[in-house]
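The values are calculated or read from the model by the stated rules, or taken from the named source; none is laboratory data. What you see is a predicted model; the values in this text were computed from it and never measured. So basically every Cβ, Gly included, is an ideal-geometry build from the backbone, and we count neighbours across all protein chains shown. What goes into the accessible areas is simple: the full protein's heavy atoms, side chains included, and nothing from ligands, DNA or RNA. Shrake-Rupley method; radii C 1.70, N 1.55, O 1.52, S 1.80 Å.
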Amino acid sequence: MAKTQLYIVRHGKTMFNTLQRVQGWCDTPLTAVGVHGIEGTGIGIQDIDFVEAVSSDSGRAIQTMRILLSKHKNGANIPYHTDPRIREWNFGSLEGGYDAEMWGVLPRVLNYRTYDELIANQVSYKEICEAIYEADTANWAETYDELKNRVLTGFEDVAYRVEKQGGGKALIVSHGLTIAFLMHLVDESNGLRIDIDNGSISILNYENGQFSIETIGDKSFKENGLAKLSEKTE
């Protein structure tokens, strides 16, 4: 049986990423810069043998996966479907506002004066999720247990399916905070400030129902692909 691995890509940079607005279940398309970056990631992984591809059902994740598969040497033959469980967090009524506004509200909900003070006190993902739930006036945000169950089962089901079919590598497109949260669920030493750039890849190994972390937020695939793109245009 082949080793089972998940190659988890953060979607390309979007309009709201660029404008520094909160983007969870709301959605904006990739910018030209975002498309170019994901083309780099796609070229960087074009020779890796993937047995299946899965993205969240958000438009930005679907757009990203289509670019990745278009650059892959066998992309047309890789089975692909979407899964809403690997979406970004739902920020409720905070969706669409400026990042600075949300990160100004949440510390106050948790009785901290500033974002820096919140981070210095190593506030947990659970506390952040509960603060979002409390601050959400629309009653859309998820409870911590709902969020944890959604994210874990979404990624575990992909890994279990691949392992059951003989193992191999699955290509997944998800979202920054969701990926960082997943890395925390696998290893609790990973706190809030995990660096997950657009187009970066985090790799999880899966064996006998357990995940282990190979790498987090690896930008080398994207950088190598962009270098090859640059060579072609010179």
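Does A100 satisfy the criteria of being surrounded by 13 or more Cβ atoms within 10 Å (Cβ to Cβ), over 24 Å from E214 (Cα atoms) and of a type in the set (G, A, S)? Judged against the criteria, A100 is not a match. Residues that are in contact (Cβ under 8 Å) with a residue 40 or more places away in the chain and open to solvent by 50 Å² or more (accessible area, probe 1.4 Å) within the range 180-221 comprise R193, D197, E207, E214, listed in sequence order. The strands (runs of 3 or more DSSP E) found wholly in the range 1-99 include none carrying at least 2 residues that are of a type in the set (K, R).
Pairing each residue of the range 15-32 that is surrounded by 13 or more Cβ atoms within 10 Å (Cβ to Cβ) with any residue that is in a strand (DSSP E or B), provided the two are 6+ apart or on different chains, yields C-beta distances under 7 Å for R21/Y98; Q23/T14; T28/T14; P29/T14; L30/T14; T31/T14.
It is to be established whether one or more residues within the range 144-165 are touching a residue at least 12 places away in the same chain (Cβ under 8 Å), farther than 23 Å from E95 by Cα and not in a helix (DSSP H, G or I). The answer is yes; a qualifying residue exists. Of all the criteria given as (1) free of Cβ contacts under 8 Å to residues at least 60 places away in the same chain; (2) surrounded by fewer than 21 Cβ atoms within 10 Å (Cβ to Cβ); (3) touching a Lys or Arg at 6+ places or on another chain (Cβ under 7 Å); (4) under 15 Å from V173 (Cβ atoms), the one not satisfied by V35 is (3). Kindly indicate whether T137 is in a loop (DSSP other than H, G, I, E, B), open to solvent by 30 Å² or more (accessible area, probe 1.4 Å) and either at pLDDT 95 or above or of a type in the set (G, A, S) (or both). Judged against the criteria, T137 is a match.
Out of all the residues in the range 180-194, is one or more part of a strand (DSSP E or B) and either within 18 Å of I48 (Cα to Cα) or among the hydroxyl-bearing types (S, T, Y) (or both)? Checking the range 180-194: not a single residue is part of a strand (DSSP E or B) and either within 18 Å of I48 (Cα to Cα) or among the hydroxyl-bearing types (S, T, Y) (or both). Number of residues in the range 4-43 that are out of contact with any strand residue (DSSP E or B) (no Cβ under 7 Å at 6 or more places or on another chain) and over 20 Å from L69 (Cα atoms) equals 10.
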